[in-house]
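Structure first, then comments.
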Amino acid sequence: MDPQQSQQQAMHILAVMLPMMALFGIVFMVILIVPLWQIAKKAGLSGPISLLTLIPGVGLLVALYVIAFMEWRVAPVVVAAYPPTYPPPTVYPPTQP
């Protein structure tokens, strides 16, 4: 095989692989953005925070840290729904008279 043919073959392979890689990248980003959008909405944030994943390298990490370490605005746990705690015994083990 002469060098010109191998170069043409490499160009054909590249011409097929680049669009496929772009398509897989778009699908992967959609797979990340949609669930993060729903998580952000349920956490009380604006959904577009999930678009931070479009920033290469650090976008996903920043979005996850924002969601992980914020105070979630969800309904507070009602304390009265739990049974009261019982006081511990005054002396343990009990002393005998």
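The values are calculated or read from the model by the stated rules, or taken from the named source; none is laboratory data. Keep in mind the model is a prediction, meaning the values are calculated, not measured. Positions of Cβ are generated from backbone atoms using ideal geometry, with glycine treated the same way; all protein chains shown enter the neighbour counts.
Scan region 1-38 residue by residue and report those that are farther than 28 Å from Ala68 by Cα and of a type in the set (S, T, N, Q).
Matches in region 1-38: Gln4, Gln5, Ser6, Gln7, Gln8, Gln9.
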Working carefully through the options Gly59, Gly44, find the one that is of a type in the set (Gly, Ala, Ser) and touching a residue at least 24 places away in the same chain (Cβ under 8 Å).
Gly44
Tell me which of these Val16 doesn't satisfy, since it passes every other one: (1) touching a Ser or Thr at 6+ places or on another chain (Cβ under 6 Å); (2) loosely packed, with under 12 Cβ neighbours inside 10 Å.
(1)
Of all residues in region 32-73, how many are assigned to a helix (DSSP H, G or I) and surrounded by 10 or more Cβ atoms within 10 Å (Cβ to Cβ)?
28
If only one of Leu51, Leu18 is modelled with pLDDT of 90 or more and within 30 Å of the chain's Cα centre (by Cα), which one is it?
Leu18
